[in-house]
Amino acid sequence: LSEHLRERLKRFKEQEEERLKEKVYKETLVSISVALNGAHLVPNVEGAVQSLKLPYTATLSELYDAAFLAFLSDVTIEFSEIRLLQCKDYNYSIVRSFSEKEMQLVIFHLKQ
């Protein structure tokens, strides 16, 4: 093969590898539904639930950051008024509420 064809073949293989890596990454993302409990804070009801996709390795702080940013454009709210709840299903059956200490760690992380 001529040099320019070898170069194109090499570039094609690299692009295919990148596409495969991107596909594998997207397949490992976890879907998370985040509901804002406070309809009076959201101008439209559809905006009260956001679906996020995060890596399964995401930390509590990263989840909080993503959820906060998802609602940021629609809602003005103080950090002290926010609480994360872990739910077991799409009916939002609460499994647990994150403790005040956990929330303070997250808020501390955000302020840095």
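The values are calculated or read from the model by the stated rules, or taken from the named source; none is laboratory data. Quick caveat: nothing in here was measured; it's all calculated off a predicted structure. Cβ coordinates were reconstructed from backbone atoms using ideal geometry, including for glycine residues, and neighbour counts include every protein chain displayed.
Just one of the numbered conditions (1) surrounded by 10 or more Cβ atoms within 10 Å (Cβ to Cβ); (2) modelled with pLDDT under 65 is not true of Y90: (1).
Residue by residue, here is whether (1) exposed (fewer than 14 other Cβ atoms within 10 Å of the Cβ); (2) modelled with pLDDT of 80 or more; (3) small (G, A, S) holds:
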| residue | (1), (2), (3) |
| --- | --- |
| E3 | yes, yes, no |
| Y25 | yes, yes, no |
| T28 | yes, yes, no |
| S33 | yes, no, yes |
| Q50 | no, no, no |
| K53 | yes, yes, no |
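For segment 98-106, the count of residues that are acidic (D, E) and modelled with pLDDT of 65 or more is nonzero. Checking segment 13-21 against the condition returns a match, with at least one residue being modelled with pLDDT of 70 or more, surrounded by 10 or more Cβ atoms within 10 Å (Cβ to Cβ) and under 20 Å from the mean Cα position of the chain (by Cα). Residue check: is V95 modelled with pLDDT of 65 or more, surrounded by fewer than 14 Cβ atoms within 10 Å (Cβ to Cβ) and touching a Cys at 6+ places or on another chain (Cβ under 7 Å)? So V95 passes the test.
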